[in-house]
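Since every read-out is calculated from the coordinates, none of them should be taken as a lab result. Small disclaimer: the values here were computed from a predicted structure and weren't measured. Quick reminder, even Gly has a Cβ in these numbers, built from the backbone with ideal geometry, and neighbours come from all protein chains shown.
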Amino acid sequence: MGYPHKPHNRETVVLSKYFGDPEAATLDGWKKRGGYVALQKALTMAPGDIVTIVKDSGLRGRGGAGFPTGVKWSFMKPGDGKPHYLCCNADESEPGTFKDREIMRWTPHALVEGCAIGAYAIGAETAYIYIRGEFTEPIVKVENAIKEAYAAGILGKNAMGTGKTVNVWVHRGAGAYICGEETALMNSIEGRRGNPRIKPPFPAVSGVFAQPTTINNVETLVAVPHILNNGADWYKQWMRADNPKSTGTKLYSVCGNVQRPGNYEVPMGFPFKDFLYDLCGGPPEGRKFKAIIPGGISVPIQTVDEAEASLMDYEGFVANGTMLGSGGVIIFDDAQNIVKQIARAARFFAHESCAQCTQCREGTAWTTKILERIVAGDGTHEDLDTLLDIGEQMTGKTICVLSDSCATPVASGIKKFRADFEALIKKKRVHMVPAQVA
Amino acid sequence: MSAPNTSTAEYFRAPADWGPTDGKGFETAASHGHAEHAPYQPVLAVGSARRKELDELLTRYPTKMAVLLPALWMVQHERGWVSDDAMAEVAEVLELTPAYVKGVVTFYTMYHQHPVAKHFIQVCTTSPCNACGAEGVVEAFLKHTGCHELGTTSPDGNFAVIEVECLGACGFATPVQINEDFIESVTPERVPEILAGLKS
């Protein structure tokens, strides 16, 4: 993992090997570390062969949904006479996640290389890297890397002397969580408000500028050069023997109340308990873990006992009632007011709702108001049922999943930590009764 | 609103005293406090460095509209905010309507639609940072900048403090963004030192 701590000996550093190494961000430094070998190789291969290798490797989308990358790429039909586009989703905005930021800060050339290979594999001549507007340092790093790559003839009309055209550009966002949703991201690149689009048509049919488009997360694309260099079987060495559906390594961002926050790279199937106590160092001194969200704030919150039983891969987390999501592990200790933190999460979604769909626009705001009322000590027992009811109305009924994402931590929070909610509500009652008696 | 007892055409007819009566055109949002104080100086004038930058960007996209977000960034970098006049200029250059551009500007939180303080301080207070004491950092900034209240500008015009939603650096709690600078692992104790660095 490296930055800001030294890698733990139980980590498997593939993508994060050069975190904290300033030389890796330069073109010369990156070439010395084996950079652009995979791109050179890829540009001499048939695009279909690259897609096959990625398919065989079992690489799945690291942005949250976990869709098989090779299968996604195979939806793009080269030679259909239309311009194709690759969009790299670097709008990392899911609270708890900060892995893509570190990838772009320390190894921007890895991303440029991954984008170039991805674009070539899907028959695209242009790739846009959509970086959230707040990431000023990563934007500068990636733009510099692109500049260096053009100057060295790695990108452009005759990429690496192969006669193929590969362009990679940065597109800066301007502060909207929803632009991390793939169709909203495409609207934002087109110069529109970042409202998600109704699917179908899916991006592979009609994406950015109404042309066939593939959208991939930063971490997904950065893994591709390693797979091309070492082969699909090499990548498959990291999986559980009983679960071939999740392969490779995954970066987890750890934050909240924990001894050693930061990014950790572990193979698929790693035991979550070891991860929490061994790698991350356990809870702060004198405290205990209370609640854990393993995949960014949109996935179900868990008690420590539940969370500790998980194995860290797509299926492992689902089997335990939550999701891998984006890999943003958020930890709250026993000194935290869980209700307040859930209310704060709801406020995040209310702020970031694009307001297209009624369920989301009204539901996120209503949820926030009720939760903040409970935190302030003015809650009633009916509020909990109202929250669950609103959550149900918000789930599965909107264009994108922001609405569901708001309902998930609230519903799971009430289910797992009902006593905390009721304690706040009871406080109010205790206060009221003597007042009436007197 | 209940419809009056008149025909639809009558109902939507503009009042007689409405419209360009003083030769200055229709009343716009600009006359409601969003106006520039001095005559607007174009940012993207033909031949200017910014215009050349814009023309270079246009070669990267198949449509003119796609350059809208970068064009708005250029305006904000030059002027510190995006005024109605600036939106009109960008609209003209990219062959869009000012109303469309305004629609886009209002969607994205990072475009300032008003002039902002010299140092615009945004403190992340979403759940992970909140659990690590972000509220204390907000309080410290409010106290030491003299702003006292979220969103207001300090009397000297130098500082404004707001709470912001997730800045994407949760493991470095609490991250603070001051204009284009990103500061990690801010604690209430570090606030005076950070502010001192800004003043110099």
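Give, as a single signed number, the net charge of other residues whose beta carbon lies under 14 Å from the beta carbon of B:Lys102, with Lys and Arg counted +1 and Asp and Glu -1. Net charge around B:Lys102: -2. Label-to-label distance, B:His112 versus A:Lys397, with points set 7 angstrom from Cα along the beta-carbon direction: 4.1 nm. In this structure, B:Ser185 and A:Tyr150 have a Cβ-Cβ separation that, at R0 = 35 Å, corresponds to a calculated FRET efficiency of about 0.50. Legend: mean number of C-beta atoms from other chains within 10 angstrom of residue C-beta atoms, peptide B:61-74, equals 5. Principal-axis analysis of the Cα atoms of chain A puts helix A:381-394 at an angle of about 30° to the longest axis.
DSSP beta bridges confined to the protein assembly as shown are antiparallel in about 45 percent of cases. Distances between placed amide hydrogens fall under 5 Å for A:Glu265 paired with A:Thr12, A:Tyr252, all partners being 5 or more residues away or on another chain.
Can you give the charge dipole size of the stretch A:105-163 about its Cα centre, rounded to the nearest 20 debye, using +1 on the beta carbon of Lys and Arg and -1 on the beta carbon of Asp and Glu? In debye, rounded to 20, the stretch A:105-163 gives about 20.
Using the Cβ-Cβ distance between A:Arg361 and B:Lys52 with R0 set to 56 Å, the FRET efficiency from 1/(1 + (r/R0)^6) comes to roughly 0.85. Per-residue ellipticity at 222 nm from helix content only, as computed over chain A with -39500 (n - 2.57) for each DSSP H run of at least four residues, stands at -13000 deg cm²/dmol. Here the 3J(HN,Hα) profile of the stretch A:164-169, calculated from phi with Karplus coefficients 6.51, -1.76 and 1.60 at θ = phi - 60°, is 8, 9, 9, 10, 10, 10 Hz, Gly and Pro shown as x.
The calculated FRET efficiency for the pair A:Val318 and A:Arg260, based on their C-beta separation and a Förster distance of 30 Å, comes to about 0.65. May I ask for the angle, rounded to the nearest 10°, between helix A:136-151 and the longest principal axis of chain A, with both axes built from Cα atoms and the value confined to 0 to 90°? Around 10 degrees separate the two axes.
Full extension of the segment from A:Asp334 to A:Lys32, taken as 0.36 nm per residue of separation minus the current Cα-Cα distance, would add 104.0 nm. Counting Lys and Arg as +1 and Asp and Glu as -1 over every other residue whose Cβ lies under 12 Å from the Cβ of A:Val168, the net charge comes to -2. The C-alpha atoms of chain A define a longest principal axis, and helix A:108-121 lies at about 70 degrees to it. Working note: Karplus 6.51/-1.76/1.60 with θ = phi - 60° gives the stretch A:402-408 the couplings 4, 4, 4, 5, 6, 5, 4 Hz, where Gly and Pro are set to x.
With Cα atoms as the point set, chain A shows a radius of gyration and Dmax of 22.7, 89 Å. Most tightly packed first, judged by the mean number of other beta-carbon atoms within 10 Å of their residues, the peptides B:186-196, A:350-360 read A:350-360, B:186-196. Taking Lys and Arg as +1 and Asp and Glu as -1, the other residues whose beta-carbon sits under 11 Å from that of B:Leu150 total -3. Across the stretch B:112-122, rounded Karplus estimates of 3J(HN,Hα) from the backbone phi angles (6.51 cos²θ - 1.76 cosθ + 1.60, θ = phi - 60°) give 7, 9, 9, x, 10, 4, 4, 10, 9, 9, 10 Hz, Gly and Pro being marked x. For A:Val170, the residues whose amide H sits under 5 Å from its own are A:Ile129, ignoring neighbours fewer than 5 places away on the same chain, with H placed 1.01 Å from N. The stretch A:173-241 to the stretch B:150-173: how many Å between their Cα centroids? Taking the Cα centre of the stretch B:150-173 as reference, the centre of the stretch A:173-241 is 31 Å away. Rounded to the nearest 20, the size of the Cβ-charge dipole of the protein assembly as shown about its Cα centre is 1080 debye, with Lys and Arg at +1 and Asp and Glu at -1.
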